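What follows draws every value from the coordinates through simple rules; no lab data is involved. Since the model is a prediction, treat every value here as computed from it, not as a measurement. A quick note on method: Cβ atoms are made from the backbone with ideal geometry, for glycine too, and the neighbour counts reach across all protein chains shown.
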2 protein chains.
Amino acid sequence: MTAGNQSKPIGIFDSGLGGLTVFREIVNELPNEDLVYFGDTARVPYGSKSKDTIVHYTDQILSFLKTQEVKAIVVACNTASAYALEELEDRVEVPIVGVVKPGAKVAAKESKNGKIGVIGTKGTIRSGLYQKYLKEYRPGAEVFGKPCPLFVPLVEEGLWDDVLTRTAAARYLKELKEAGVDTLIMGCTHYPLIRPLIREEMGEDVLLVNPAHETAERMKEVLELWELNRDPAVPRSDAPYRFYVSDDPESFRDFASKILTFPLPLPEKIDIEAY
Amino acid sequence: MTAGNQSKPIGIFDSGLGGLTVFREIVNELPNEDLVYFGDTARVPYGSKSKDTIVHYTDQILSFLKTQEVKAIVVACNTASAYALEELEDRVEVPIVGVVKPGAKVAAKESKNGKIGVIGTKGTIRSGLYQKYLKEYRPGAEVFGKPCPLFVPLVEEGLWDDVLTRTAAARYLKELKEAGVDTLIMGCTHYPLIRPLIREEMGEDVLLVNPAHETAERMKEVLELWELNRDPAVPRSDAPYRFYVSDDPESFRDFASKILTFPLPLPEKIDIEAY
């Protein structure tokens, strides 16, 4: 990294819209940073697809972010973090942070009874990566992984407070409650959007971990470590936040406005298969 | 078409697994024909994606099917039929049949009161193609289109007879019942898998149209018209049914075995982006 890199943006990507919950945490934690977001809306969801496919898609996205000259990368998608990060991190020349490790670290630290639940897509749970890190950070921990494949479509339908979502939650979370977990990792970027409903189901005493928040904190540490913080004295670009998608920009912006509190510029559509 | 084309297979494609409900109807209707199926499992679902993206994906799949030397093509996916068929049909040199037109034709013919419901993905309903053909085949028909976006994930989770699917069905179908439709087109290949539940909700008197069946009949007519029927006297190839997918072959076969009644060969994974 040469001098001047501080002014470059951080790249953030996700399979689609869910990563905006990570984006908003990074805006809060690092308000001086320019950000580039890519959502792979033409190929969403990633959660039920194979490791090979997710590695291939992630590889293309990393190539795209390289053309955006990002100084650091956040893999905001849990499935991509779980399946592709270890595979691909050597391939990028900038620091790269996924959501799994920071989420696992805080859960391992905060759990009192060592019984930790993880909910996520089929891919995230099947990968076993949360489980692996949790046991590394807290030897002896008992980890209960539970895929919740209907949560993503329910959230994307806007049914954040609806009997359908509540019925699905009751079903998915039953065994985690019965196992007596005192900490639950919301291991998919969509899930914080139904946090109140998960809270209701799990009860007040269970700690809900949103890895998005811990990931933003981790990115802050990384920028300091690499001396990559943007100098707030340097005037900001006209477009500090840029958005790219692989499918229709308008529908992305419509949904995004439910998650972000500021008006979004229209995303630019790119041909991700070309990378 | 030159002589000898009769022995070539028919190509069938879908965004994923749902098209197997069309495949099985074609097996029933045309037992002598060889078939090649492609399921775009790496990019599934199509239902909420934009027209541009669906046209692009369909274009790639048509290029792939060309390499398989098919003598005719069935677009088994309603969303692809609705968004891409009119756009792309001139580009292929073999007869091509979608599911929308045959489904609309029989519904227009069979409805007594001229009130016809169509359920499908957001894309299929938004395209307005069922609505257009219904009004063409039956001027004066009243058409009620209703997107049912949760049906596909619910079916893919195997919840074919489940309170979640029943609750979603009650919600989606309410306005169609209230509108007094006497005919309902199941305008997505996944929906015939929850036919009993749709039947329960709509009551015994409503005609449920599965375009898969009408599509198979239409393909039979087309083969006769073009003199493309396979000669049953010519010995069959060792692999009369071949399957290709863009994601993991094993999980495709697992699900497919719930829909088809014969053991499937393991599908071959192809890189659809390369076409």
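Between the listed residues B:Cys77, B:Thr53, B:Gly103, the Cα displaced farthest toward the positive end of the dipole of chain B, a dipole computed from Cβ unit charges relative to the Cα centre, is found at B:Gly103.
Less than 5 angstrom separates the built amide H of A:Leu184 from those of A:Gly117, A:Leu207, A:Leu208, A:Val209, all sequence-distant by 5 or more or on a different chain. Between the residues A:Leu150, A:Gly123, A:Ala170, the greatest Cα displacement towards the positive end of the dipole of segment A:108-179, with unit charges on the Cβ of Lys, Arg, Asp and Glu, is found for A:Gly123. Within the listed set A:Ala82, A:Ala239, A:Ala141, the residue fluctuating most in the Gaussian network model of chain A (springs between alpha-carbon atoms under 10 angstrom) is A:Ala239. Under the convention that each Lys and Arg Cβ holds +1 and each Asp and Glu Cβ holds -1, the size of the dipole of the protein assembly as shown around its Cα centre is about 800 debye. Ellipsoid semi-axes for the protein assembly as shown, based on the Cα gyration tensor and the rule √(5λ), read 44, 27, 23 Å when sorted largest first.
With label points defined 7 Å past Cα in the direction of Cβ, position B:Arg171 shows copy-to-copy spacings of 1.4 nm, given to one decimal and shortest first.
From zero up to wherever the largest Cα-Cα distance of segment B:147-241 sits, split into 5 Å bins and tell me the percent of pairs in each. Going out from 0 Å in 5 Å bins, segment B:147-241 shows 2, 11, 18, 18, 13, 9, 8, 9, 7, 3, 1 percent. Placing a label point 7 Å from the Cα of A:Thr67 along the Cα-to-Cβ direction, the distances to the matching points in the other copies come to 2.3 nm, shortest first. Close amide-amide hydrogen proximity is noted between B:Tyr244 and B:Tyr37, B:Phe38, B:Gly39, B:Glu268, each under 5 Å apart and 5 or more residues distant or on a separate chain (H modeled in the peptide plane; Pro and chain starts excluded).
Provide the FRET efficiency to the nearest 0.05 for the A:Lys132-B:Glu221 pair, computing r from the beta carbons and using R0 = 45 Å. Numbers along the way, then the final one.
On the way: r = 57 Å, r/R0 = 1.27.
Efficiency computed from Cβ-Cβ geometry: 0.20.
Calculate the mean, over all residues of peptide B:168-176, of how many other protein chain Cβ atoms lie within 10 angstrom of the residue's Cβ. Please report the intermediate quantities before stating the final value.
On the way: counts 4, 0, 0, 3, 0, 0, 0, 0, 0.
Neighbouring Cβ atoms belonging to other protein chains average 1 per residue here.
Say a label goes 7 Å from Cα toward Cβ at B:Glu250 in every copy; what distances in nm does this one have to the rest, shortest first? In nanometres, ordered from closest: 4.3. Here segment B:83-123 is treated with +1 on each Lys and Arg Cβ and -1 on each Asp and Glu Cβ, and its dipole about the Cα centre works out to around 440 debye. Restricting the calculation to alpha carbons of segment B:101-211 gives Rg and Dmax of 12.9, 39 angstrom.
Hey, got the dipole for segment B:101-211? About the Cα centre, +1 on K and R Cβ, -1 on D and E Cβ, debye to the nearest 20? Please list the in-between numbers first.
Values: 17 positive and 14 negative charges, 116 e Å.
Computed charge dipole of segment B:101-211: roughly 560 debye.
Set the Cα radius of gyration of chain A against 2.2 N^0.38 Å, with N its number of residues, and you get 0.97. Over the protein assembly as shown, DSSP H runs of length four or greater, each weighted -39,500 (n - 2.57), average out per residue to a 222 nm ellipticity of -13000 deg cm²/dmol.
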